[in-house]
Amino acid sequence: MPTPSHAKAQPTSLPTQGRAETPISFVQAIVAAYAARGMDPWKALRTAQIEPSLLHKPNARITATQMEVVSGAAMQELDDEGLGWFSRRLPWGSYGMLVRASLTAPNLGVALKRWGRHHGLLTQDIDVQVRVQDGVAQLDLHEVTSLGAYREFCVVSVLRNALGVACWLTDSRIPLLRTTLQFSAPAHRASYRVLFDGPTEFDAPNHSLQFDAGYLSLPVRRDEAALQRMLQRALLLTVRPYRRDRLLVEKVRHTLAQHPEHSRNAEDLAARLNLSTRTLHRQLKEEGASLQQLKDAVRRDLSIELLHRSQRPLKQIAQAAGFQNEKSFIRAFKGWTGQTPDAFRSA
């Protein structure tokens, strides 16, 4: 699946390697952009090892690498990172400029607002904005003018580009809660399970990506040097999903604090976070944390708060903090503070 970029057309591996998941309709849209300019797409198709006969097979699929290569080649030959979507070309380097304008933002929320605002300077055919409601961030794409035959290709590409940039800026995976699209489900709707994680709703009131608003507070972790490296193969922003989830630690803390009954074993906690136990442990390790450390920190803070603010018996406090019995609570508390809970409360 393409996204506007500075990506070079030459792949580092054979384009046909990997699973063929990208619908041929997106390649057909690229070919249409060539036709509109009176140009021949043969060279780009050959570079990506896409047989022209596939263009006449509605159910055909190509690999992500093939899509990366043909998109990069087309962007350079057409000198249009919009690949024909908009009423004016987006010259080579346009989307790199958008990312550069967001590098100095203090957090992702500000960065995405800048990205959307500057996108409006490139073209007024679409409008991209971010809003937050009830703890959910929503990246909205509004069609200002008709996108015609390029509609699906444009909307999907821009949304995936914005999400890829957001993940790259924060060096974090941003799992989607939901994707909404105004157009009807295409024949290749099965491909959307690869294009967007989480459920996808067609015939929706608007085009949007929805995710936990907590990600908007993550700091921007990239600089100019990182940008230069990324631009060498920027299309990978939408080809390879991030594994690291920098918001996971805070999600685990919150869940343990609000639902201490789930702190007794990793399986229950992972299920509540919609993760496998193995993924939970791996992602926490990537963040330099462990489940046991987080459990201890949450239990300690909750225990101290209850001892300070209430006169509840130790047995009730132990239970509220997720301990199976009072004895194990006293032992753990003494290890944290060097005092027994009674001595701490008296002091």
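The lone criterion from (1) of a type in the set (Lys, Arg); (2) touching a residue at least 40 places away in the same chain (Cβ under 8 Å); (3) over 29 Å from residue 174 (Cα atoms) left unmet by residue 61 is number (3).
Checking each residue in the stretch 202-233 for being closer than 17 Å to residue 140 by Cα and surrounded by fewer than 13 Cβ atoms within 10 Å (Cβ to Cβ) picks out 203, 205, 206. The numbered conditions (1) surrounded by 16 or more Cβ atoms within 10 Å (Cβ to Cβ); (2) within 30 Å of residue 199 (Cβ to Cβ); (3) in contact with a His (Cβ under 9 Å, 6 or more places away or on another chain) are all true for residue 253 except (3). Is it the case that residue 277 is of a type in the set (Val, Ile, Thr), surrounded by fewer than 16 Cβ atoms within 10 Å (Cβ to Cβ) and closer than 30 Å to residue 198 by Cα? In short, yes.
Output the residues belonging to the stretch 1-27 that are at pLDDT 80 or above, hydrophobic (A, V, I, L, M, F, W, C) and over 28 Å from residue 123 (Cα atoms). The answer is 20, and nothing else.
Taken over the stretch 184-224, residues that are touching an Asp or Glu at 6+ places or on another chain (Cβ under 7 Å) and acidic (Asp, Glu) amount to 0.
For the stretch 168-185, the tally of residues that are in contact (Cβ under 8 Å) with a residue 60 or more places away in the chain and either hydroxyl-bearing (Ser, Thr, Tyr) or buried (at least 23 other Cβ atoms within 10 Å of the Cβ) (or both) stands at 4. Between 280, 284, 256, the distinction of being more than 20 Å from the chain's Cα centre (by Cα), in the same structural domain as residue 337 (by TED's automatic domain parsing) and not hydroxyl-bearing (Ser, Thr, Tyr) belongs to 256 only. State yes or no: is residue 29 within 17 Å of residue 150 (Cβ to Cβ), over 24 Å from the mean Cα position of the chain (by Cα) and touching a residue at least 60 places away in the same chain (Cβ under 8 Å)? Here the answer is yes, as residue 29 does meet what is asked. The lone criterion from (1) modelled with pLDDT under 90; (2) farther than 30 Å from residue 76 by Cβ; (3) touching a Leu at 6+ places or on another chain (Cβ under 8 Å); (4) part of a helix (DSSP H, G or I) left unmet by residue 246 is number (4). Of the listed requirements (1) of a type outside the set (D, E, K, R); (2) surrounded by 22 or more Cβ atoms within 10 Å (Cβ to Cβ); (3) modelled with pLDDT under 95, residue 30 misses just one: (3).
Residue 260 meets each of the listed conditions (1) farther than 28 Å from residue 170 by Cα; (2) at pLDDT 85 or above; (3) surrounded by fewer than 19 Cβ atoms within 10 Å (Cβ to Cβ) apart from (2).
Scanning the stretch 70-79 for residues that are of a type in the set (A, V, I, L, M, F, W, C), under 25 Å from residue 210 (Cβ atoms), touching a helix residue (DSSP H, G or I) at 6+ places or on another chain (Cβ under 7 Å) and surrounded by 16 or more Cβ atoms within 10 Å (Cβ to Cβ) turns up nothing.
Cβ-Cβ distances below 8 Å connect the following pairs, each with a first residue in the stretch 87-102 that is aromatic (Phe, Trp, Tyr), a second residue that is in a helix (DSSP H, G or I), and a separation of six or more residues or different chains: 92/75; 92/76; 95/161; 95/234.
The values are calculated or read from the model by the stated rules, or taken from the named source; none is laboratory data. For clarity, every value in this text was computed on a predicted model and none was experimentally measured. When we count neighbours, we look across all protein chains shown, and the Cβ atoms used for this are built from the backbone with ideal geometry, even at glycine.
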